[in-house]
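Okay, so here's the structure we're looking at.
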């Protein structure tokens, strides 16, 4: 899953016009864009061919250039500039042309079939659909990167990665997407406030519902969430399903298995959310991600559910003394996998199949995943990198609580694959998640509608089906 | 001599026509071509599928929904924008007192003209972002904040604006809120258009009407409106195009770009979803082509209905 902190509101006029055009509203420029994509000639690789060695496993040629495009979202792009320094220390004669943007798809998609960049960080709201990229053969399989020696530690690159990173980037048995960040999701609270009020952070729904009246008595809303982007509440709902019913239930849902949503316990897993809404424990208003996060920082709500990029995204407005702390999603008694943590690698880099210098692109990935590079990443972004040990030397309450959450959790990570597999089901589940959180659907209705949406995708022959195994 | 003129004209027109053919007509044709394929948008290979995409279009629930939402805008955007623009233009030009200088607009009409026209100089996206703050769904929003302060809205239950799918008069509330912005941002331009047209109506016609005892109501409906027929008709066609678009507002302002739960889905958002999220450019092109045909037919029909003999003055 590549999920990232992005800025949704910023749509420049130019981008919008371009989109509107591409959408065929003006039909003319639309097809202009389309024509740009057609009739391409395959480009030849011009960066490889040098002698391969342990320090240059892909044979990057001196004097070649590599174009790297970085998504400049909640994590910023400073960390990537540090990677450039690390890369150039080993390859001083390879030119790195780095640019950063928030509009990955708008800028990179039209070039994919002709002259793509060598290395693209496919992330943010405006990202290219991963399944489409793979199905169309537009990106390169990176299996040889995994078996290459790590940049500055023993063993291979694969050995140096946190659990789940390779699986997250694999589709149809091949490794395509190199996720460089490691994200943990959960319920955030202000530890300083909790210790001042003498509250203990709940670990179960029962604890939470017992604490909620005390929070309300202080004039705070117990909970706030992003009510505009449906994938925010969806994380929480799926964490509840996984914890209550276990991994197999979610795997079945991902695989569009007949009646997967009707499995025992799924409705019960979602009922606490229904209760949370019905008991009016949510902050009033339909806030978006930054608005809701600011409301949390302003002390209007006690809990917010979001991933570990929160700290970096809101860095500018965190009040002094605010101890941002993440805790695991709440479970209920009888849950089958209460200890599983919702975490995954994200912020995926891809190498386009038609990139002129794929060798240097892979070499640059090796630099990003290095010990030095990942430590810089954690230091600058206050988020874990997907390389092991990146956060060991960073002092920060958010990062430390995420670290300990990972250490106390079981080794199985909660993950959901169908949003990456099926765009329709992705959109439908986002919409329905928000409907549930708006109180317009009960848990039972949510499950029924999800089953119907899944059945529709399963029956649609124009959609290529995917299978989740692990 | 005649021959020379023809050559001169051809020389002048060749370049623009070539540019037009290459950058406008050719891409049109290409889009139509892609609509017959299953192109995904990321590769240079595609399969010819004939009219499959068009057949699929008719059974697509989302398109049906989008169609009716666009029809809603198609009826309401021109209606309300033109009504408001006419009303403002009338007040600014002939709505005021008559005096020795003849008929004039209400006091301060020059300033009002600038104010009403102002939204027109803003980009639609800027307007959308600005209205996001006005429509903010908690006490920090301009409207909600005000209404909560004076006690008209409960702080625990603020107006949800574009996140509200509940039907009002059978149409999701979110569409009404978007309509309001569209009318607000469009009325100024058409007010100026109608003002210009009104100023070309000879003042003596009004004076004659007033001498005959016509009040403002009658002067407007019996004199002004019939003489503005051409302008109104053109405005109707333009606003029809805008109503079939509405992309910027939906894209920037609604949850999941067409939400909540498809309550504000329009053609453009469905095209965007199919092309860029689902990777079905071929199908998206088919929707776009269908929309283009629909638009052209509508414009032709509109101009046909309103065609009438021109009144010379």
key: Complete set of residues in the range B:126-139 that are in a loop (DSSP other than H, G, I, E, B) and more than 8 Å from chain A (Cβ to nearest Cβ)   = B:135
inquiry  = The conditions are (1) part of a strand (DSSP E or B); (2) surrounded by fewer than 19 Cβ atoms within 10 Å (Cβ to Cβ), and residue A:200 fails exactly one of them. Which is it?
reply    = (1)
request  = Considering every residue within the range B:145-153, establish whether at least one is within 12 Å of chain A (Cβ to nearest Cβ), in a loop (DSSP other than H, G, I, E, B) and at pLDDT below 90.
outcome  = yes
query = Assuming residue B:228 fulfils every condition listed in (1) under 23 Å from residue A:287 (Cα atoms); (2) touching a residue at least 40 places away in the same chain (Cβ under 8 Å); (3) away from every other protein chain (no Cβ under 14 Å) apart from one, which condition is it?
reply = (1)
inquiry  = Checking residue A:123 against (1) within 14 Å of chain B (Cβ to nearest Cβ); (2) closer than 27 Å to residue A:465 by Cβ; (3) in contact with a strand residue (DSSP E or B) (Cβ under 9 Å, 6 or more places away or on another chain), only one condition comes out false. Which one?
reply    = (1)
inquiry  = For the range A:224-256, give me each residue that is within 14 Å of chain B (Cβ to nearest Cβ) and either under 19 Å from the mean Cα position of the chain (by Cα) or in a helix (DSSP H, G or I) (or both).
reply    = A:225, A:226, A:227, A:228, A:229, A:230, A:231, A:232, A:233, A:234
inquiry  = Looking at the range B:73-94, can you tell me whether even one residue there is touching a strand residue (DSSP E or B) at 6+ places or on another chain (Cβ under 9 Å) and at pLDDT 85 or above?
reply    = yes
Residue count for the range B:156-170, restricted to those that are assigned to a loop (DSSP other than H, G, I, E, B) and more than 7 Å from chain A (Cβ to nearest Cβ) = 6
Among residues of the range A:126-155, those that are within 14 Å of another protein chain (Cβ to nearest Cβ) and touching a helix residue (DSSP H, G or I) at 6+ places or on another chain (Cβ under 7 Å), counted = 8
ask   = Which of (1) free of Cβ contacts under 8 Å to residues at least 60 places away in the same chain; (2) away from chain A (no Cβ under 12 Å); (3) under 31 Å from the mean Cα position of the chain (by Cα) does residue B:76 not meet, given it meets every other one?
value = (1)
key: Per-region count, the range B:33-60, residues part of a helix (DSSP H, G or I) and facing chain A (nearest Cβ under 8 Å)   = 2
key: Residue among A:405, A:384 that is touching a residue at least 12 places away in the same chain (Cβ under 8 Å), surrounded by 23 or more Cβ atoms within 10 Å (Cβ to Cβ) and not assigned by TED's automatic domain parsing to the domain that holds residue A:237   = A:384
Residue satisfying all of: in the range B:268-313; within 16 Å of residue B:73 (Cα to Cα) and either at the interface with another protein chain (Cβ under 8 Å from one of its Cβ atoms) or at pLDDT below 90 (or both); surrounded by the most Cβ atoms within 10 Å (Cβ to Cβ) among these = B:268
inquiry  = For the range B:236-252, check the following and say yes or no: at least one residue is more than 9 Å from chain A (Cβ to nearest Cβ) and at positive phi.
reply    = yes
request  = Check off (1) in contact (Cβ under 8 Å) with a residue 24 or more places away in the chain; (2) surrounded by 22 or more Cβ atoms within 10 Å (Cβ to Cβ); (3) in a helix (DSSP H, G or I); (4) away from chain B (no Cβ under 14 Å) for residue A:416 and give me the number that stays unchecked.
outcome  = (3)
remark   = When the range B:95-106 is checked residue by residue, the ones that are over 18 Å from residue B:209 (Cβ atoms) and either at pLDDT below 65 or over 30 Å from the mean Cα position of the chain (by Cα) (or both) are B:100
message = Of everything in the range A:427-452, what is part of a helix (DSSP H, G or I) and surrounded by fewer than 20 Cβ atoms within 10 Å (Cβ to Cβ)? Give them in sequence order.
response = A:444, A:445, A:448, A:449, A:451, A:452
query = For the range A:335-392, which residues satisfy the criterion of being part of a helix (DSSP H, G or I) and more than 22 Å from the chain's Cα centre (by Cα)?
reply = A:358, A:359, A:360, A:363, A:372
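The values are calculated or read from the model by the stated rules, or taken from the named source; none is laboratory data. A quick note: this is a predicted structure, and the numbers were derived from the prediction, not measured. Because the Cβ atoms are built from the backbone with ideal geometry, glycine has one as well, and the counts that use them run over all protein chains shown.
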